[in-house]
Amino acid sequence: MRRKQRILYGICLLLLLVFVVAGCSGMHTPAKHSVAVITKSTNSDFWKAVQAGANAAGSEYNLDVIFEGPDTEEDYKTQNDLIRKAALSGAEVIVLSAIDFNKNAAAVNEAAAMGVKIVVIDSNVNSDAVLCRIGTDDYEAGQKAAQAALACTESKLHVGIVNFDKNTENGQSREKGFRDAIKKDARVESVTTINVVSSIENAQSGTIKLLQEHPEINVLVTFNEWTSLGVGWAVRTLKLNDTLRVVAFDSNPVTLGMLETGEVDALVVQKPYAMGYLSVETASRLILGHNIPEDTIYTGATLVTRENMYDPEIQQVLFPLQ
Amino acid sequence: MKLKKRYSFSSLATLLITSAVLLFSIVIFFVFVTLYQKEMEKNAIVNTEQAVAQAGAAVTNYTEEMLTTMRLFRDVYKNGLPVDGSKIAAYMELNPAVVVVGCYDREGNLLDSVAKGKRKENPLKDLSYLGWDVYSDGQIHISKPHTESLVENEYPWVVSIAQNIKTAQNQEITVVLDIQFSGVAKYIDNVGIGQHGYCFITDDAGNIVYHPQQQLLYSGVKQENTALISSGKKGSFVQEQKIYHLLPLNNSHWQIVGVSYTEELVTANVRSLIFVLLLLFAIVIVTAVVCGTLLSRTISKPINSLINAMREFEKNTENFSYKVTRGSNEVMALSESFAQMVKRIQELMEKVRNEEITLRKTELKALQAQINPHFLYNTLDAISWLCEEERNKDAAQMVNALAKLFRISISKGHELIPIQKEVEHAKSYLMIENFRYKNQFTYRFDVQSSCLSYLCNKITLQPIIENAIYHGLNRMVDEGEIVVRIFEDGEDIVFTVEDNGVGMTAEQCTAILKKEPGDKAGIGIKNVNDRIKIYFGDKYGLTIDSALDEGTRVTIRMPKVEGE
């Protein structure tokens, strides 16, 4: 009888303890978790849309979203500093769009060693610490660009590619997708690539130089927002609106104007808002310890031409409501 | 031991109290949680309705403002074309939300337009004008939000407000106003119902006009259950753990839809209530167990000790001593009564024992006082016979022995006399009997001298010797012998009386120890045995070993008792 009583007391105490712990954890509202979104830059419309999406998810999932990036899209050093700073300031997840596939890896690994979870958007980094990659399927986006480039009636095609930093992973994947797709077309006579610094001026002067050296080029492709603008301006400067078929990337309002006026003939538009939103949503799942359904999430890309740009669905993609 | 296997009072009481509390707690728990949940659901619906009503009021305000603005511009156009450009510019300055103002003729040709930024020279598409037929009823029409397609390098989201009017010159034109939508959008974006609830705008048919996450809807990341909304339901309803509230607006064909999550507004609250309740109940139950145990212990513990005391008393009635246990009044009363009872019983027992001893003593004294008349008669007869034969010396010896016998028998009324005296008594008796039986037997004493000073019951040996003579030697042909031995055995003193007479059967031996003495017999063997047992306890007393035709040995054992 004594022992039974003791067991009864034990059970009671245990129950009490369990309830107290459960009650405390149940009533406890956790402090706001922090997520750092570090992008290649902060001033392009693409990154602004990413930020808008990230903030939307941040308020939905009650997270502190810190949005930072270097001024230029080549400055991987500043990006590394930002990664370290975010890790030190207690960010639980870093959402990164890596400028340099290899040179950002060390900082990412350091942060991961401090227990920070890494999610990559848009452009990848060479690290095993990355838990989830969210972005455009770059290879497929390149193929979409090729599909738009080949949608013309010319019998002979000379293709010029204005790509950005060779060390950036997504640009290379897009070019590869593009090249693989146009290889299959017999009309393609030549493919010339130049690499420029990702800014309007560099892209513009590079494009003008390329077109002067290779006047035979009649199809021009470029793979991000800044180089798209540079190429557009170059085409406008050289007044090649009608003779050159230009396929560009992303939905800067100026590029859209060029699509209307003819400097640009097709745009491969990514979904930066969805990228930002999904990255922070994934971060929230990681913080709560939930499983993430896939380690790679493709947000998709839309091919926009002059004909469909004012379709209601395309409007939503092209013109984010600010 | 049996009692322990049944439920003890303590655990039964604890069990009863605990289960009563538990039952009560469970009932309260369910009633409370159910009521609370209902209340929370009502609350959540009211919250949603309130948020939607506020959003509705804001959007109604906004559309009202748009309509007012429209009327303002319309009145300018009513004055006829060409329109007063400075007035339009001034009104646009006053209404910064207006992006483009224009008018169209019946065929849809743009007659005149003013834009905030640079107007496109050759717009690819004009999303602001939907066609003459749409506006033919002369009412003000509000379009779905769309991007501005008439301004260079700017693509703000606008709603187009259009109306067919007749100018002063009787010209039929459509006035179209593009007004920025971001004001409504911002307001709708910021409507929060709980943490994740939100509002959006649909038209009558359930098509989304504006949704805070429309980018996600269009990119397929999220879905909104628009089928539900177009199904024509009105008011509030709960579906798939979401609370929907639909509010049609009266100055446009839009309706506000509020969505909130029962999980967040109801379930989470109920869950935290359950946590708190469980915590409270755990405390209550533990308290009940502790209280029950304490309560039952205060009753059962003294009762248990009372039970133990009673058992102890059963086993050892004489030497039991009981102390009153502490406890509640009832138990104290019980305990006191028991103590009283124990005392009383022990007193009674003591009394009975004393009375029994007194009775025995009285009886003994009566017997001792009684002189066996045959013995006295025979002895006196023998003495007289000796006198007649002038054997004066022998006669004097006999008289002496008889006198000694009687003196020791009386011994001033003492029950215990020194063994030495007892031996003298036995010797006197044997001398008389030996004389009477004309030396038919011999006798001898073998006494350890260390024993002589201890005390023994008087007239212990005589009845046994008497028995040996009358029943053992009397019927013998040969000369008999009686041997009396007294020796120490540890803490005891042992007397033996042996004869070589006819002996007895085992039945006779036990019968002798039970037989009440008759009139004739003086103090019987049984009496000797009883007296020793009364005085010294059951350990002591008398045993008889006998074999037919061989003899009898009677052994008496008693403790060493020191004389004063």
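The values are calculated or read from the model by the stated rules, or taken from the named source; none is laboratory data. For clarity, every value in this text was computed on a predicted model and none was experimentally measured. Every residue, glycine among them, receives a Cβ derived from its backbone with ideal geometry; neighbour counts consider all protein chains shown. Note: areas computed on protein heavy atoms with side chains; ligands, DNA, RNA excluded. Shrake-Rupley method; radii C 1.70, N 1.55, O 1.52, S 1.80 Å.
Among the listed pairs B:361/B:539; B:343/B:533; A:156/A:239; A:156/A:184, those whose Cα-Cα separation exceeds 24 Å are B:343/B:533. Here the Karplus curve 6.51 cos²θ - 1.76 cosθ + 1.60, taken at θ = phi - 60°, turns the phi angles of the range B:207-214 into couplings of 6, 6, 8, 8, 9, x, 10, 5 Hz, with x standing for Gly and Pro. For the range B:536-553, backbone phi angles converted through the Karplus equation (6.51, -1.76, 1.60; θ = phi - 60°) give residue-by-residue couplings of 10, x, 5, 5, 9, x, 10, 10, 10, 10, 8, 9, 4, 6, 10, x, 10, 10 Hz, Gly and Pro being listed as x.
What is chain A's relative contact order, in percent, from Cα pairs under 8 angstrom and six or more apart in sequence? Taking the mean separation of contacting Cα pairs over the length of chain A, I get 19 percent. Computed from Cα atoms alone, the Kirkwood hydrodynamic radius reported for the protein assembly as shown is 39.7 Å. Quick check on my link table: of A:32/A:85; B:458/B:560; A:144/B:144; B:78/B:125, which ones sit more than 23 Å apart, alpha carbon to alpha carbon? A:144/B:144; B:78/B:125, as the Cα separations exceed 23 Å there.
Distances between placed amide hydrogens fall under 5 Å for residue A:137 paired with A:299, A:300, all partners being 5 or more residues away or on another chain.
Using a basic spin-label model with each label point 7 Å from the Cα along Cα→Cβ, how many nm lie between residue B:304 and residue B:478? Taking the simple label geometry, residue B:304 and residue B:478 are separated by 7.2 nm. Taking each residue as 0.36 nm, the span from residue B:352 to residue B:223 lengthens on full extension beyond its C-alpha to C-alpha distance by 36.1 nm. For the range B:1-97, the set of chymotrypsin sites (Phe, Trp or Tyr not before Pro) satisfying both a DSSP loop assignment and a count of at most 13 other C-beta atoms within 10 Å is given as B:7. Summing charges over neighbours of residue B:347, with a neighbour being any other residue whose Cβ is under 13 Å away from its Cβ, gives +1 when K and R count +1 and D and E count -1. Among the GluC sites (Glu not before Pro) in the range B:431-540, those located in a DSSP loop and surrounded by at most 16 other Cβ atoms within 10 Å of their own Cβ are B:479, B:491.
Compute the FRET efficiency between residue B:33 and residue A:14 as 1/(1 + (r/R0)^6), taking r as their Cβ-Cβ distance and R0 = 25 Å, and round to the nearest 0.05. My answer for the efficiency is 0.60. Residues whose amide H lies under 5 Å from that of residue B:120, counting only those 5 or more places away or on a different chain, are B:151, B:152; hydrogens are built 1.01 Å from N in the peptide plane. Using Cα-only point scatterers and the Debye equation, what is log10 of I(q)/I(0) for the range B:185-263 at each q in 0.11, 0.14, 0.24, 0.25 Å⁻¹, rounded to two decimals? Those come out to -0.25, -0.42, -1.31, -1.41, one per q. Annotation: amide H-H contacts under 5 Å for residue B:480 (H modelled 1.01 Å from N, sequence separation of 5 or more, or interchain): B:441, B:442.
Per residue, the protein assembly as shown exposes 50 Å² of solvent-accessible protein surface, assessed with a 1.4 angstrom probe and all protein chains in place.
With the simple spin-label model, which puts each label point 7 Å out from Cα in the Cβ direction, the residue B:61 to residue B:361 separation comes to 12.0 nm. Rounded to the nearest 10 degrees, the angle from helix B:9-78 to the longest Cα principal axis of chain B is 10 degrees. Of the DSSP H helices in chain A, those with a Cα length along their own long axis of 30 Å or more and a mean Kyte-Doolittle hydropathy reaching 0.5 comprise A:2-27. For the pair residue B:376 and residue B:79, the difference between a 0.36 nm per residue extended length and the Cα-Cα distance amounts to 89.2 nm. Burial of accessible area (probe 1.4 Å, heavy atoms of protein chains only) in the range B:123-163, relative to its chain alone, reaches at least 20 Å² for B:124, B:125, B:127, B:147, B:153, B:155, B:157. Within a straight-line Cα-Cα reach of under 20 Å, residue A:166 can be paired with the following lysines, leaving aside sequence neighbours fewer than 8 residues apart in one chain: A:40, A:77, A:103, A:176, A:209. Taking one equal scatterer on every alpha-carbon of the range A:138-270, how large is log10 of I(q)/I(0) by Debye at q = 0.13 1/Å? Values, matching the q order: -0.43.
Of the GluC sites (Glu not before Pro) in the range B:267-375, the ones in a loop by DSSP (not H, G, I, E or B) with at most 13 other beta carbons within 10 Å are B:318. FRET efficiency for the residue A:201 to residue B:86 pair, using the beta carbon distance and R₀ = 35 Å, is estimated at 0.25. Burial of accessible area (probe 1.4 Å, heavy atoms of protein chains only) in the range A:252-269, relative to its chain alone, reaches at least 50 Å² for A:260. Using only alpha-carbon positions in chain B, the gyration tensor eigenvalues give semi-axes of 144, 19, 16 Å once each is multiplied by 5 and square-rooted (largest first). So if the hydrodynamic radius of chain A is defined as the Kirkwood radius over C-alpha pairs, what does Stokes-Einstein give as its diffusion coefficient at 20 °C and 1.002 mPa s, in µm² per second? The estimated diffusion coefficient comes to 101 µm²/s.
For the residues of B:189-202, the average number of beta carbons from a partner chain within 10 Å of their own beta carbon is 1. Helix B:85-94 and the longest principal axis of the Cα set of chain B meet at an angle near 10°.
Per-residue 3J(HN,Hα) values for the range B:257-263, derived from phi via the Karplus relation 6.51 cos²θ - 1.76 cosθ + 1.60 with θ = phi - 60°, read 10, x, 10, 9, 9, 5, 3 Hz in sequence order (x marks Gly and Pro).
For the chain pair B and A, buried accessible area totals roughly 3700 Å², probe 1.4 Å, rounded to the nearest 100.
Start at zero, step by 5 Å, and the Cα-Cα distances of the range B:316-360 spread as 5, 22, 21, 18, 13, 9, 6, 4, 2, 0 percent across the bins. Normalising the Debye intensity of the range B:370-559 to I(0), with uniform scatterers on Cα atoms only, and taking log10 at q = 0.09, 0.16 Å⁻¹ returns -0.32, -1.05.
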